[in-house]
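A short write-up of the structure that comes next.
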Amino acid sequence: MGTQPKNYLALITSPLLRSSGLDAQGAAKSDLEDCGSGDTVLERVKATLPDGSKIIEQFIVAYPYSDDQYTLRVTRTGADPFAVLSPSSVTFDSIGRKANVAKMRVNNQLYSVRLEQLNTPISADMLSTFGIESIQQLDEPLTADPYLPTYNPANQIVRFPQVLDTQSGIVYSVEMLYHPESNTLSLLKATPVN
């Protein structure tokens, strides 16, 4: 393998119930049975129309018990997982001092947020502060996106996996602390990712 930098990405999912694990109505036979065999894309009849045709629902079921064995194969690509910007990436204009957050997760809801940098730190121990210029709730479902900025209300930390500085072209991973009393955010950490 050598001493070159490596990036490994792995996806692990719980076992999926297979078609032989279903009863005639399309429900799991028992929580204690094995996962079955057959297809993992399951089907059941949702409705029978007056003309005799049927509406079929397709679904998958994550199953808690399994004796299945899995083999993982890791391929070294040398590719930087942050090299391609996600549509969820935040853009920051350092000249205009504005950040555009297209989508951010807050309490299982998506929002679009615009931030404005309120100060420029003059010393290393001074934190850069951002105010919330606008916030708008989005009417779309949450999706599994590792690049989605997320607010954690338990510790008031907002994590931005990718922030593109539009002037320098550098991408940063950023953490900020939200101050509800002043509706501002303090920059805690900005680490270049490429």
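The values are calculated or read from the model by the stated rules, or taken from the named source; none is laboratory data. What you see is a predicted model, and the numbers here were worked out from it, not measured in a lab. We place every Cβ from the backbone using ideal geometry, glycine too, and count neighbours over all the protein chains shown.
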Suppose we filter region 30-79 for residues that are part of a loop (DSSP other than H, G, I, E, B), farther than 20 Å from R18 by Cβ and modelled with pLDDT of 75 or more; how many remain? 5
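Is it the case that region 98-111 has a residue that's at pLDDT below 75 and among the hydroxyl-bearing types (S, T, Y)?
Within region 98-111, the first condition is being at pLDDT below 75, and the residues that meet it are none.
No, region 98-111 has no match at all.
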For Y111, which of the numbered conditions (1) in a loop (DSSP other than H, G, I, E, B); (2) in contact (Cβ under 8 Å) with a residue 24 or more places away in the chain; (3) not charged (D, E, K, R) fails to hold? (1)
Would a scan of region 137-154 turn up a residue that is out of contact with any His (no Cβ under 8 Å at 6 or more places or on another chain), of a type outside the set (K, R) and at positive phi? no
